[in-house]
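The values are calculated or read from the model by the stated rules, or taken from the named source; none is laboratory data. Fair warning: this is a prediction, and the values are worked out from it, not measured in the lab. In this analysis, Cβ positions are derived from the backbone assuming ideal geometry, glycine residues included, and neighbour counts consider all displayed protein chains. Ligands, DNA and RNA are excluded from the accessible area calculation, which covers all protein heavy atoms including side chains. Shrake-Rupley method; radii C 1.70, N 1.55, O 1.52, S 1.80 Å.
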Amino acid sequence: MDDGDLGMLAGTLHKTMTAAATAETPNVEDALNDLGWRDMLDEIPTEATALVFRLLGETGTHAAVLNDVMLQAAGHSGGGTVPLPVTGGRWVLWERGEGGGSAIDAELPIRPATAGDQLPLAAGRRALGWWLVGSSRAMLALARRHALDRVQFGRPIASFQAVRHRLAETLVAIEGAEATLMAADDDLGCLLAKAAAGQAALAAAKHCQQVMGGIGFTAEHDLHRHIKRVMVLDGLPG
């Protein structure tokens, strides 16, 4: 698949996921399956994982497709669920469906589970790394728009050096994490890439919150949804 085909696929996925997220009864996973998500995962696993999980972050949506990545890496068919290790020696189950369950991010259908079989973690870590990068870019876009729109002392706060430094540091962290993910091709590489993506996401959350000030704390603004999302994703899978 060449760059042109990937570009068209990315555009289709973005439209589909955005439409599914804004529907009265959102179901991003069904929309992805209609587009042939599992076939893509079998045929172009690296490209499909990067596209889908990055767009999950950028659009602020969610789906239990991490299960498919973990099962495919272990040589099993998708469609099921598997216990996932999480930081602290615990295990969780990312259930199929749209119901909430996570204590931090109530939108995610995650609940505690008993320990399961140790599946290959590299593919799951790379997928989560792309999701973290996508969420980081979403936070940066929100902060950049706020900095351009918010006026103090007669000019946009985007013109202030302190604000520009925070946005620049966020972008550098994201670009570095994305480069690490693109180079990851073994267990150690995926582990380091996931760690870099987690650090970039936490840096983005901190800097973007500082740029946005009080509005970033409000429940009406989308920033808090991305911050909660990366806090959960950063702890998976172990």
Within the range 131-156, the count of residues that are part of a helix (DSSP H, G or I) and either of a type in the set (G, A, S) or open to solvent by 20 Å² or more (accessible area, probe 1.4 Å) (or both) comes to 15
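Yes/no matrix, rows are residues, columns are (1) touching a residue at least 12 places away in the same chain (Cβ under 8 Å); (2) closer than 18 Å to R96 by Cβ; (3) not acidic (D, E):
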position	(1), (2), (3)
D5	no, no, no
G11	no, no, yes
K15	no, no, yes
N27	yes, yes, yes
A31	yes, yes, yes
W37	yes, yes, yes
E47	yes, no, no
L56	yes, yes, yes
L66	yes, yes, yes
Going through the range 162-221 in order, the residues found to be among the polar types (S, T, N, Q) and part of a loop (DSSP other than H, G, I, E, B) are T218
Wholly inside the range 30-106, helices (runs of 4 or more DSSP H) that include 2 or more residues that are farther than 20 Å from S135 by Cβ, of a type in the set (D, E, K, R) and open to solvent by 50 Å² or more (accessible area, probe 1.4 Å) are 37-43
Residue set L167, L188; condition more than 14 Å from the chain's Cα centre (by Cα), open to solvent by 60 Å² or more (accessible area, probe 1.4 Å) and either within 25 Å of I104 (Cβ to Cβ) or aliphatic (A, V, I, L, M) (or both); output residue L188
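Name the single residue, out of those in the range 11-54 being at pLDDT below 85 and small (G, A, S), that is farthest from A123 (Cα to Cα). Full working, then the answer.
Step one: of the range 11-54, the residues at pLDDT below 85 are 16-27.
Checking the rest, the ones that are also small (G, A, S) come to 19-21, 23.
Details: A19: 27, A20: 26, A21: 25, A23: 30 Å.
Per the criteria, the residue is A23.
Mind checking which residues of the range 66-100 are in contact with a strand residue (DSSP E or B) (Cβ under 9 Å, 6 or more places away or on another chain) and of a type in the set (V, I, T)?
T81, V82, V86, V92
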